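Report on the structure given below.
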There are 2 protein chains.
Amino acid sequence: MTVPDNPPVLLFGETYHHPNIFYRSGFLAPDPVVLVDHGGDDTVLWTSPMEAGRARKEARVGAVRSTEELDFAGVMQRVGSEQDAWSTLLELVCREAGLHSVRVDFDFPAICADHLRRQDVAVHPHADLYREERRIKTPDEVAWITTTEDAGMDALQRAIDVIAAADIKDGILWRDGRPLSGQDLVLTVESRLLELGCTTIDSICCGGPESADPHRATSEVLRVGLPIVLDIFPFHKATRYWGDMTRTVVRGTPPPEVTAMWDAVLEAQQAGLDAVRAGANGRDVHYACCEVFKQRGYGSLAKPYRDIKSEARFIHGTGHGLGLEIHEYPRVGDVDVTLEVGDVVTVEPGLYDPRFGGVRIEDLVVVTEDGCRNLTPIAKVFRLD
Amino acid sequence: MTVPDNPPVLLFGETYHHPNIFYRSGFLAPDPVVLVDHGGDDTVLWTSPMEAGRARKEARVGAVRSTEELDFAGVMQRVGSEQDAWSTLLELVCREAGLHSVRVDFDFPAICADHLRRQDVAVHPHADLYREERRIKTPDEVAWITTTEDAGMDALQRAIDVIAAADIKDGILWRDGRPLSGQDLVLTVESRLLELGCTTIDSICCGGPESADPHRATSEVLRVGLPIVLDIFPFHKATRYWGDMTRTVVRGTPPPEVTAMWDAVLEAQQAGLDAVRAGANGRDVHYACCEVFKQRGYGSLAKPYRDIKSEARFIHGTGHGLGLEIHEYPRVGDVDVTLEVGDVVTVEPGLYDPRFGGVRIEDLVVVTEDGCRNLTPIAKVFRLD
């Protein structure tokens, strides 16, 4: 049945962190599994004997088989550890399925590929396996992402409310008689996410100069007059689909430089959103943001804007695809990519000034024929008092 | 400086899920980084320009360099997407560092290895890179694991308290006028973990027949008289070190089969704990548990115990190493491995009967010269009323 120039796909890894396997199996397990994908419903999931019963109930695959059938326990005994035995397990699966040639994805380990090749299995790695299927979200997938995004906005609003209600003393924010920290806000956000069935790997609630590093998670204190970046990226624990959103807020009166950054980022983000539509080049979306920054005197990383001298700069791409991974294809940045109906991407320009911090605004959108549908309708309010 | 038969290590991946990179850099980032490890303090971390500033503050490496130096943005433009460009980035890093031969770890992608080999860089995958260093925990690492384990016990106790306080009606547990679910307990556990600086990928709070699948996460209802498995495996958000523990509890009077399972598991776990010491074979620890089960008429997966016919069976290994990964070397199961002082492993035998559910008891221990130090001193109480 195998078409020679299109051999089956052999996937290997633990499914929490190998989204292709989860995409094709719907099965979560903390130890590695093997999936043989012949296309369509013809998928075979190999799990440990301990997981096979659960897999038969939970996995969306054509068949579940136990590695006990291949005497994997015996293999482990011979080689001395489970970690060393995976290559042999893959060899046994290929032999059992009569596979002499397989395609593998970006995550497939070199050590396993080398082993299979020594056993005369041709291994063809492809960086883009499932990329086209996964980038275009089905209505179900958009609904799952929307559920996560809604939960994120709910949690984000709680953090904003805490900031709005904070006391001000000695130039910083306080709650219940002690300084309010970024970590306090993270706890507010992530506790609420849990209540809504979501969780995350990290949250960014960071204010002042520390927030000039876009991925700096928290700051010890939150200063009056300086921006506080709230970047929330949850995933739903059942569906595993992510959401992503950023708002930047301030208490008190920011210096004019910061107000100017906010105005620029708000306008740049709108320019980016306006540029999104099916058929648009992602680079043009990115450059639409860069152009706004340029007009206001801010430089960007992209070559045409790199030589603009400014303290505050746009030092990352405009956005990224999102689904079963927080960052997935396509990136919206300084690369050519044609956006398609059903792409779900972020639009999140930002400016970063080491003296004051960062300002970033991020919405998540679904690309449509003539524009996009915004999944992040939470207000963009900078000054909270 | 490079010794020909011991070339530098080239690590690649995003650090949340590549513990070797975090182990050698202490740096967390959601996008891939490259680490060149010449040994000792001679490590070079390559990050995106956006992350370089933060990496210089946060990473424990010899040097941080930005991929901007290699014009990675230009590479992306040529190849069209970031995902396709990683192989080229690795090639440029090798060229810049003058590397003609590298060792790579288990996670290194085949697609990148193939590319480097085409560029005349010899790529040598090793399954066991950093394994020996990582398995033996330093006093700092034991302290970090202890902090996580303490947080887990605190959260676990809250779940036990909720079960103990639940109302009983129609054969199931209730709280606040509605049935208490496994998901409710997960929320109790994980909310508390967050307050203590920890989080997790999942928690198991599952009762009744559903818990006969050892990794089934939750059950809709919790039945009176049937075991409820609480398996909590948090990690600390700052140190990234895991903990792991399981208790099984019951409300009401269990059937005699379940009481017998509990008695057997408690005795088997003690036998396992008693067998742990430096120099012991992990298999003997595993067989110590299997022997107890055998004496009580229960079968196990391991060959000498496989043919014992019983409804309830021991269908997994006795334990696993733990550190920056929830499951890491060494496994304590049906394989030969000599335990060493400083190994941190779980001891978690269990019995699973599809009619009633699972019973599992799990402690985390540090291996010592003449035994082990138990990091999970929370009481082992089955019946809560």
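Could you count how many residues in region B:306-321 are outside any strand (DSSP E or B), closer than 17 Å to A:GLU82 by Cβ and free of Cβ contacts under 8 Å to residues at least 60 places away in the same chain?
Residues meeting the conditions: 2.
Among the residues of region A:322-334, which ones are under 12 Å from A:GLU348 (Cα atoms) and more than 9 Å from every other protein chain (Cβ to nearest Cβ)?
Within region A:322-334, A:VAL332 is the sole residue that qualifies.
Look through region A:214-227, keep the residues that are β-branched (Val, Ile, Thr) and farther than 21 Å from A:PRO256 by Cβ, and return whichever of them is farthest from the other protein chains (Cβ to nearest Cβ).
Only one residue tops the list, namely A:VAL221.
Which one of these does B:ASP161 not meet: (1) part of a helix (DSSP H, G or I); (2) in contact (Cβ under 8 Å) with a residue 40 or more places away in the chain; (3) more than 11 Å from chain A (Cβ to nearest Cβ)?
With respect to (1) part of a helix (DSSP H, G or I); (2) in contact (Cβ under 8 Å) with a residue 40 or more places away in the chain; (3) more than 11 Å from chain A (Cβ to nearest Cβ), B:ASP161 is out only on (2).
Does any residue in region A:275-287 that is of a type in the set (A, V, I, L, M, F, W, C) come within less than 6 Å, Cβ to Cβ, of a residue that is surrounded by fewer than 20 Cβ atoms within 10 Å (Cβ to Cβ) and assigned to a loop (DSSP other than H, G, I, E, B) six or more places away or on a different chain, and which pairs are these?
Filtered contacts from region A:275-287: A:ALA278/A:GLU340; A:ALA278/A:VAL341; A:ALA278/A:GLU369.
Is there a residue in region B:266-278 that is of a type in the set (Lys, Arg) and either over 26 Å from the mean Cα position of the chain (by Cα) or within 14 Å of chain A (Cβ to nearest Cβ) (or both)?
Residues of region B:266-278 of a type in the set (Lys, Arg): B:277.
When the remaining residues are screened for being either over 26 Å from the mean Cα position of the chain (by Cα) or within 14 Å of chain A (Cβ to nearest Cβ) (or both), the result is none.
The answer is no; no qualifying residue exists.
From the residues in region B:164-184 that are touching a residue at least 60 places away in the same chain (Cβ under 8 Å) and surrounded by fewer than 20 Cβ atoms within 10 Å (Cβ to Cβ), which one is farthest from B:ARG223 (Cα to Cα)?
B:ALA164
Could you say which residue among A:CYS205, A:CYS198 is crowded, with 19+ Cβ neighbours inside 10 Å and either over 28 Å from A:TRP144 (Cβ atoms) or touching a Phe, Trp or Tyr at 6+ places or on another chain (Cβ under 7 Å) (or both)? Quick ask: steps written out before the conclusion?
Working: A:CYS205 fails: either over 28 Å from A:TRP144 (Cβ atoms) or touching a Phe, Trp or Tyr at 6+ places or on another chain (Cβ under 7 Å) (or both).
Only one candidate passes the filter, namely A:CYS198.
Looking at region A:85-142 only, could you name the residues that are without any contact (Cβ under 8 Å) to a residue 12 or more places away in the chain and surrounded by 22 or more Cβ atoms within 10 Å (Cβ to Cβ)?
Answer for region A:85-142, where residues must be without any contact (Cβ under 8 Å) to a residue 12 or more places away in the chain and surrounded by 22 or more Cβ atoms within 10 Å (Cβ to Cβ): just A:ALA110.
For region B:350-371, give me each residue that is within 13 Å of chain A (Cβ to nearest Cβ) and crowded, with 23+ Cβ neighbours inside 10 Å.
Selection gives B:GLY350, B:LEU351, B:TYR352, B:GLY357, B:GLY358, B:ARG360.
Mind checking which residues of region B:175-227 are under 17 Å from B:MET245 (Cα atoms), among the hydroxyl-bearing types (Ser, Thr, Tyr) and in a loop (DSSP other than H, G, I, E, B)?
B:THR200, B:SER203 - these are the residues of region B:175-227 that are under 17 Å from B:MET245 (Cα atoms), among the hydroxyl-bearing types (Ser, Thr, Tyr) and in a loop (DSSP other than H, G, I, E, B).
Condition first: under 19 Å from A:HIS327 (Cβ atoms) and in contact (Cβ under 8 Å) with a residue 60 or more places away in the chain. Can you find one or more residues in region A:186-200 that meet it?
No, the conditions are met nowhere in region A:186-200.
Evaluate region A:197-213: report whether one residue or more is more than 13 Å from every other protein chain (Cβ to nearest Cβ), touching a Leu at 6+ places or on another chain (Cβ under 7 Å) and under 30 Å from A:GLY40 (Cα atoms).
No - not one qualifying residue is present in region A:197-213.
Scan region A:302-309 and tell me whether some residue there is farther than 18 Å from A:GLY152 by Cβ, touching a Cys at 6+ places or on another chain (Cβ under 9 Å) and facing another protein chain (nearest Cβ under 10 Å). Give the derivation first.
Going residue by residue through region A:302-309, those that are farther than 18 Å from A:GLY152 by Cβ are A:302-309.
Within this subset, residues satisfying the condition of being touching a Cys at 6+ places or on another chain (Cβ under 9 Å) are A:302, A:304-305.
Narrowing the set further to residues that are facing another protein chain (nearest Cβ under 10 Å) leaves A:302.
Looking for residues that are farther than 18 Å from A:GLY152 by Cβ, touching a Cys at 6+ places or on another chain (Cβ under 9 Å) and facing another protein chain (nearest Cβ under 10 Å), one finds at least one in region A:302-309, hence yes.
Among the residues of region A:187-194, is there at least one that is more than 26 Å from B:PHE27 (Cβ to Cβ), at pLDDT 95 or above, of a type outside the set (A, V, I, L, M) and touching an Asp or Glu at 6+ places or on another chain (Cβ under 7 Å)?
yes
Which residue is surrounded by the most Cβ atoms within 10 Å (Cβ to Cβ), if the candidates are limited to region A:39-80 and must be among the aliphatic types (A, V, I, L, M) and closer than 22 Å to B:ALA302 by Cβ?
Looking at residues that are among the aliphatic types (A, V, I, L, M) and closer than 22 Å to B:ALA302 by Cβ, I get A:ALA55.
How about region B:329-385: which strands (runs of 3 or more DSSP E) wholly inside it have at least 2 residues that are modelled with pLDDT under 95?
On the way: elements: B:344-347, B:350-353, B:357-360, B:363-368, B:371-374.
Counting at least 2 such residues, we get no strands (runs of 3 or more DSSP E) at all.
For residues that are touching a Lys or Arg at 6+ places or on another chain (Cβ under 8 Å), closer than 14 Å to A:PRO49 by Cα and modelled with pLDDT of 95 or more, tally how many sit in region B:300-316. Write out each step before concluding.
Applying the first criterion (touching a Lys or Arg at 6+ places or on another chain (Cβ under 8 Å)) to region B:300-316 yields B:300-301, B:305, B:308, B:311.
Still in the list and also closer than 14 Å to A:PRO49 by Cα: B:300-301.
Then keep just the ones that are modelled with pLDDT of 95 or more; that gives B:300.
Summing the residues that are touching a Lys or Arg at 6+ places or on another chain (Cβ under 8 Å), closer than 14 Å to A:PRO49 by Cα and modelled with pLDDT of 95 or more in region B:300-316 gives 1.
Can you find a residue that is among the charged types (D, E, K, R), over 21 Å from A:HIS18 (Cα atoms) and within 12 Å of chain A (Cβ to nearest Cβ) anywhere in region B:31-46?
no
Which residues, taken from region A:94-122, are of a type outside the set (Gly, Ala, Ser) and within 22 Å of A:HIS17 (Cα to Cα)?
Hits for region A:94-122 are A:VAL102, A:ARG103, A:VAL104, A:ASP105, A:PHE106, A:ASP107, A:PHE108, A:PRO109, A:ILE111, A:CYS112.
Listed here are the residues, each with its yes/no results for (1) in the same structural domain as A:GLY26 (by TED's automatic domain parsing); (2) farther than 30 Å from A:GLY26 by Cα; (3) surrounded by fewer than 24 Cβ atoms within 10 Å (Cβ to Cβ); (4) at pLDDT 95 or above.
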residue	(1), (2), (3), (4)
A:VAL224	no, yes, yes, yes
A:ASP244	no, no, no, yes
A:PRO255	no, yes, yes, yes
A:VAL276	no, yes, no, yes
A:VAL292	no, yes, yes, yes
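Look through A:LEU28, A:LEU90, A:LEU70 and report the one residue that is under 29 Å from A:HIS327 (Cα atoms) and away from every other protein chain (no Cβ under 11 Å).
When all the criteria are applied, what remains is A:LEU90.
The values are calculated or read from the model by the stated rules, or taken from the named source; none is laboratory data. The structure displayed is predicted, hence computed values, not measured ones. So basically every Cβ, Gly included, is an ideal-geometry build from the backbone, and we count neighbours across all protein chains shown.
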